[in-house]
């Protein structure tokens, strides 16, 4: 059990693999997108692009796989492929709703800092009736430099009007943990099936690790 420090004044969540059990969706999108072009999905692709913004991922795909589509065209297709899956298959991690409610009962605002698109973030939250739970949402559409750069976390803190040192971040991948720590935040790692290969690294980089949000208390 991890006890939340009394100095924490805001909580910021990564979305995929952290707040939501959704990394499998992107594995499916990658298989369909690359498979339609006769390309096999490389092992550990999700770890290589895990912290990237969608724009950075598109540039990566252009360089690695020789795809000629523009980044905007690629992002539109990814959103189309993922939209239905996010609305029907993606669920919050165990205890997430209750933890967010506990934050709100203590006047602790919550935010999302995700490499995903705003369209998919908002679609996911509305599908789960969680759209009113977050005071700030910052997406990969709004940053050209993704994690491990700390910009997305610093900008979330600025919009929340809270010092980064008073923020608690939750992340499932090493790049995200590094981004939060570089921003000056406390960061708790979340275990996820998609990142079991880097679990030791996550534990080393973070300030603690949980399997789900029932392992937290105030």
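What to note about this one:
- The single condition among (1) over 29 Å from residue 7 (Cβ atoms); (2) within 14 Å of the chain's Cα centre (by Cα) that residue 79 does not meet is (2).
- Residues located in region 117-154, provided they are part of a loop (DSSP other than H, G, I, E, B), touching a strand residue (DSSP E or B) at 6+ places or on another chain (Cβ under 7 Å) and closer than 18 Å to residue 169 by Cα: 133, 134, 135
- The lone exception for residue 47 - which of (1) under 19 Å from residue 143 (Cβ atoms); (2) under 16 Å from the mean Cα position of the chain (by Cα); (3) not assigned by TED's automatic domain parsing to the domain that holds residue 152 it fails: (1)
- If the condition is being part of a helix (DSSP H, G or I) and either closer than 11 Å to residue 7 by Cα or out of contact with any helix residue (DSSP H, G or I) (no Cβ under 7 Å at 6 or more places or on another chain) (or both), then region 162-179 contributes 165, 166, 175, 176.
- Checking each residue in region 209-218 for being within 20 Å of residue 21 (Cβ to Cβ) and either touching a strand residue (DSSP E or B) at 6+ places or on another chain (Cβ under 9 Å) or assigned to a loop (DSSP other than H, G, I, E, B) (or both) picks out 209, 210, 211, 212, 213, 215, 216.
- Test: residue 111 is modelled with pLDDT under 95 and outside any loop (DSSP other than H, G, I, E, B): no
The values are calculated or read from the model by the stated rules, or taken from the named source; none is laboratory data. Given the structure is predicted, the values throughout are model-derived calculations rather than measurements. Glycine also receives a Cβ, built like all others from the backbone with ideal geometry; neighbour counts cover every protein chain displayed.
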